[in-house]
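Peer 1: Below you will find the structure I want to go over with you.
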Amino acid sequence: MIGVLRHRGPDGEGAVYLPDCALGQARLSIIDIEGGAQPMADWTGRYHITLNGEIYNYRELKQDLLERGHRFRTQSDTEVILAAYAEWGPACLDRLRGMFSFALWDRETGRLFAARDLFGEKPFYYAVGSKGWLVFGSEIKALVASQLVHPTLSRPAVEAFLALGYVPPSRTIYENVEVLPPAHYLVWDGRTFRTVQYWRPRLQTRAIAFDEAAAQLRTLVHQAVRRQMVADVPVGAFLSGGHDSSTVVAVMQAESAAPVKTFSVGFGDAESELPYARSVAARYRTEHHEIDAGAPPVGELLHVLASQQDEPQGDPSAIPTYLVSQYASRHVKVVLTGDGGDEMFGGYAWYPMLARSEERPASTARWLLLRAAAALPTAGSAALIRRARAMRIALRWPEMVTRYFEYVLDPRGDYRYRVWGDPGGAVPRFRLGPADPAWPADGEQGMNRAFYFDLTSWLPGDILVKVDRTAMAHGLETRPPFLDRDLAEFVFSLPVQLKVTPNATKILYRHAFSDYWPDKVQAREKRGFAPPFREWMTRPDVQGLLREVRSDNSKLRDLLPGLEDVWSDLDEKRRWFL
């Protein structure tokens, strides 16, 4: 199990065998290089832990715990979790500021306590194996390596992937493998387990003056970046030249006496982020590194990513993230990123549309209906039924047309019924419901329901999975300051109007940080980390893969018998998913 995770922790490994529990780790050494080896026991020998991640406020917590009588043998953040759990039990999670998944064994009670950070930056998979053991690890391949878990494909999870382009963060692509959702902990007593959600976003508005909010935002972003630069190894940054990574780099350089190492990637003649990144690097005099990947071997990389990801991942930006991570790992062990900025501050293009729907719900509903109807066949009772469904959706929930409704309830999703080759509905349809962690709380209304879904589904299901797997494939740790808990909870409390209006995105954020950006970056429209994947689809190596997965004897054709019937009707994005 440790061996198949060695890419995540190339610096060392260890295991401890206790009555009823074995813990192991492949270690990436970031804090207390010499003394932080894991698995680790507390000074009493009662508790043992294996941790993936970092606790940024461990020094402050350690001082508090010392005053409460705890002893420490290392300078590691890992040992602080052991003492914090001994002092406060599960409530210790509210005091941690960091990204983490960990498993902690209590020898006295024979219980395992496992927990995952607020947004799911670090992964935690588990299953009850064939001999009744609870088996867990940072990637599914570790569970398989135990030879106690034999994954079985989940057809409903495949349906969810076809709907969203990622596997929802509350499930896996396998029937018999579970994922601990973000902001949850698990307790196992040797026979049964229970999971508990210990935190959730609360988007509850409070009154605050615009300039005061901007000042607090700047203070909290600086605090978050300063926290996440804590390490005993060099720390760099991904720099796309977008607003979020540019802000992070600007603040890092303000907090650093030495030039910050920055890393960027481009793709030859395709629209490139490199000129924007260079303008930021020049302004802040960073130690800038860039790689022009030109026309990368996409077919080969897709095979590599499949072996790394363990589950389908439809985001084509996984390829540039993999390449820039590979490059950066030659220079640093840790990079800060701008991930989470768009979900926190309202940077996506669909937010203004949703804001318009709140101002003019009737006209927006009609627009949505016409847009959906235009994509449908013009004859047949099935088409009429779909049009009626679209009308009900548009008229009832104009304020909730998030990714869920766009991909799942939008009648254009009819391709999913056809690709299964089973219009009778034998395959369970993917539906989000109140039991799902991504379902907005009853108190969340209007635009906040859209923010909530993107924060609890899109961010942990797509963005953070993609970054973790592609970076850790090279033993590179990524840290997103915008997901700092103190910063996030402040942003959640802001009125929506400070983030998005019908005609603008990231309003307060731009006001607070636009003077941190060069003119070239200020004028840049949001693109995301978007590679030229439509061009890649025409490459011979990718065309060869397409022929392979569409061949008569392919596993994809066995799973989705209607594949060929629907193929000519699909856009390039959905072909990429398949």
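Peer 1: Please go through segment 188-294 and write out the trypsin sites (Lys or Arg not before Pro) that DSSP classes as loop and that have at most 12 other C-beta atoms within 10 Å. Each step should come with its number before you reach the end.
Peer 2: Details: sites: R191, R194, R202, R206, R218, R226, R227, K261, R278, R283, R285; in loops: R191, R202, R206, R285.
Counting only loop positions with at most 12 other Cβ atoms within 10 Å, the trypsin sites (Lys or Arg not before Pro) in segment 188-294 are R191, R206, R285.
Peer 1: Sticking with this one: Would you kindly state how much longer the chain becomes between I33 and R71 on full extension, computed as 0.36 nm times their sequence separation minus their alpha carbon distance, in nm to one decimal? Kindly include the intermediate steps, with their values, before the conclusion.
Peer 2: Numbers: separation 38, 0.36 × 38 = 13.68 nm, distance 1.96 nm.
Taking I33 through R71 to full extension adds about 11.7 nm, to one decimal.
Peer 1: Counting only the heavy atoms of the protein chains, how much of Y322 is accessible to a 1.4 Å probe, in Å² to the nearest 10?
Peer 2: Ignoring ligands and nucleic acids, Y322 comes out at about 30 Å².
Peer 1: Cα centroid distance between segment 173-210 and segment 282-346, in Å?
Peer 2: A separation of 27 Å, based on Cα centres.
Peer 1: Right, another one. State, as an integer percentage, the relative contact order of the chain based on alpha-carbon contacts under 8 Å between residues 6 or more apart. Before the final figure, lay out each step's value.
Peer 2: Numbers: 1017 pairs, mean separation 96.7, N = 578.
Once normalised by length, the contact order is 17 percent.
Peer 1: Determine the principal axes of the Cα atoms in segment 424-578, then give the extent along each, sorted from largest to smallest and rounded to whole angstroms.
Peer 2: Computed over segment 424-578, the largest-to-smallest principal extents equal 56, 42, 37 Å.
Peer 1: Would you mind computing Rg(Cα) / (2.2 N^0.38 Å) for segment 1-111, counting N as its residues? Each step should come with its number before you reach the end.
Peer 2: Numbers: Rg = 13.4 Å, N = 111, 2.2 N^0.38 = 13.2 Å.
Taking the Cα Rg and dividing by 2.2 N^0.38 Å, one obtains 1.01.
Peer 1: How much length is gained on full extension from R206 to E535, taking 0.36 nm per residue of separation minus their Cα-Cα distance?
Peer 2: Contour length minus the Cα-Cα distance gives 113.8 nm.
Peer 1: In deg cm²/dmol and to the nearest 500, what is the mean residue ellipticity at 222 nm of the chain if only DSSP H runs of at least 4 residues count, each as -39500 (n - 2.57), divided by the residue total? Could the numbers behind the result be given before it?
Peer 2: Details: 24 runs with 221 residues, N = 578.
Only helices count here, giving -11000 deg cm²/dmol.
Peer 1: Taking square-rooted eigenvalues a ≥ b ≥ c of the alpha carbon gyration tensor, is segment 155-215 rounded, prolate or oblate, where a/c under 1.5 means rounded and, failing that, a/b exceeding b/c means prolate?
Peer 2: Numbers: a/c = 4.70, a/b = 1.66, b/c = 2.84.
Oblate.
Peer 1: Going from the alpha-carbon gyration tensor of segment 207-298, what semi-axes, largest first and in whole Å, does one get by taking the root of 5 times each eigenvalue? Walk me through the numbers before you get to the answer.
Peer 2: Numbers: eigenvalues 157, 59, 25 Å².
Semi-axes, largest first: 28, 17, 11 Å.
Peer 1: Now for a different question. Would you please classify the overall shape of segment 225-268 from the alpha carbon gyration tensor, given that a ≥ b ≥ c denote the square roots of the eigenvalues, rounded means a/c under 1.5, and beyond that prolate means a/b larger than b/c while oblate covers the rest? Before the final figure, lay out each step's value.
Peer 2: On the way: a/c = 2.31, a/b = 1.65, b/c = 1.40.
Since a/c reaches 1.5 and a/b is larger than b/c, the shape of segment 225-268 is classed as prolate.
Peer 1: Given a 1.4 Å probe and every protein chain left where it sits, what share in percent of the accessible area of the chain is carbon and sulfur?
Peer 2: For the chain, the apolar C and S fraction of the accessible surface comes to 50 percent.
Peer 1: If you plug each phi of segment 545-551 into the Karplus form 6.51 cos²θ - 1.76 cosθ + 1.60 with θ = phi - 60°, what whole-Hz ³J(HN,Hα) values come out, in order, with x for Gly and Pro?
Peer 2: Here the 3J(HN,Hα) series is 5, 4, 4, 5, 6, 9, 5 Hz.
Peer 1: Still on this structure, please answer the following. Holding the Cα-Cα limit at 30 Å, pick out from K122/K506; K122/K573; K122/K520 the pairs that are longer than that.
Peer 2: Working: K122/K506 27 Å; K122/K573 27 Å; K122/K520 34 Å.
Beyond 30 Å: K122/K520.
Peer 1: Let me ask something else about it. Can you tell me the accessible area per residue over the chain, all protein chains present, probe 1.4 angstrom, in square angstrom?
Peer 2: On the way: 23650 Å² over 578 residues.
Solvent-accessible surface per residue comes out at 41 Å².
Peer 1: Could you go through segment 489-498 in sequence order and give the Karplus-derived ³J(HN,Hα) for each residue, using 6.51 cos²θ - 1.76 cosθ + 1.60 with θ = phi - 60°, rounded to whole Hz, and x for Gly and Pro?
Peer 2: Each residue's phi maps through the Karplus curve to give 5, 5, 5, 4, 7, 7, x, 4, 5, 7 Hz.
Peer 1: Can you pull the three principal axis extents for the Cα set of the chain, in Å, largest first?
Peer 2: Its Cα atoms span 75, 59, 49 Å along the three principal axes.
Peer 1: Under a cut-off of 12 Å between alpha-carbon atoms, report the aspartates and glutamates in cross-link reach of K62, not counting same-chain residues fewer than 8 places apart.
Peer 2: D77, E79, E87
The values are calculated or read from the model by the stated rules, or taken from the named source; none is laboratory data. Computed from a predicted structure; not experimentally measured. Don't worry about glycine lacking a Cβ; one is built from the backbone with ideal geometry, like all the others, and counts go over all protein chains shown. Calculation scope for accessible area: heavy atoms of the full protein, side chains included, ligands and nucleic acids excluded. Shrake-Rupley method; radii C 1.70, N 1.55, O 1.52, S 1.80 Å.
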